[in-house]
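*Asks:* I'd like to ask some things about the structure below.
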Amino acid sequence: MAKTIRMILAVLIVGAAFYLRFENPRMEPEQEPQPRPSTQNPADTADVSPLRTKRLSGVLEDRDHHPVSYHLYIPQAKNEKESFPLLFCMDGQAPNPGGFLGQDWIDFADSQRFAVAALSYLYKESEWKLALGSAKTNDVDDSILNELMSIANDQGPVRNDDLYLFGTSLGARYVVNYAIAHPIKVQAVVAHDGTQYARKLAVSSTHFLLSASAENKAALKSTETLASDFKSVGVVYRQWIPNDKHPDARAELTKQAREFLLESRKD
């Protein structure tokens, strides 16, 4: 009888040990936590050290949910304290704004210590007048440039209150209207062949270079109108008519734009 009781006890002990080891989760060996799939955008986790060069591109959405492509270049800072003004460039009708960030612009950014951003609306030719709002009111979508500035600021030491704008054609219309609405942070503007505006003018410290091709009669007329309006409210501006016989009109415009922006630079 005693032998039988001992056998029953032994079976119970073995069974209890088996249950505690394999059935009770509190007794399992501690497991390493498994990594969760990341839901972050790669841009959100990018290296934001100011001592590294940054070159980014992507697509944003305007207020009407149209795709807008952008490119951004931020030079390598010389030290932890250096920060950069932002030079924003916009063409009239270009499917890829990367042309503003070719090697010559990269060299300019590095030597003159600018961050450079370029933006382009992805529209078919038949739709391009809609890209910046109503063709009748010349209204523009400020939020696109504001978002691009936020991206630049997140990626490096870029000063959002030290902004320089260069636009041609429809891009010129954009930068003129943006500068009129944001005179405190915009230091200088170069606008070529597109100076129609819809916003109320006021005294501003922003400097403007207004340019129009001699053969573009509509642009010449709108430039003269804006110059007259600027004069009436005391806005500082300069007019420049490109030499139509220049072998590379685009290069001449770029040269004039850069010289004016550097001359107007705050620091």
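Laboratory data are not the source of any read-out in this text; all were calculated from the coordinates shown. Worth saying up front: this structure is predicted, and the values here are computed from it rather than measured. Heads up, the Cβs are rebuilt from the backbone with ideal geometry, glycines too, and the neighbour counts pull from every protein chain shown.
*Asks:* What's the tally of Lys pairs in the range 150-245 whose alpha-carbon atoms lie under 29 angstrom apart, where the two lysines are 8 or more places apart or on different chains?
*Replies:* So the count works out to 10.
*Asks:* Could you work out how much longer the chain between Arg250 and Glu61 gets when fully extended? Use 0.36 nm per residue separation minus the Cα distance between them, nm to one decimal.
*Replies:* Taking 0.36 nm per residue and subtracting the Cα distance, the gain is 65.2 nm.
*Asks:* Of the listed pairs Lys54/Lys81; Lys81/Lys266; Lys54/Lys266, which have alpha-carbon separations greater than 20 Å here?
*Replies:* The answer is Lys54/Lys266.
*Asks:* Something else now. Fewest to most neighbouring Cβ within 10 Å: what's the order for Met149, Met90?
*Replies:* With the sparsest Cβ surroundings first, the list reads Met149, Met90.
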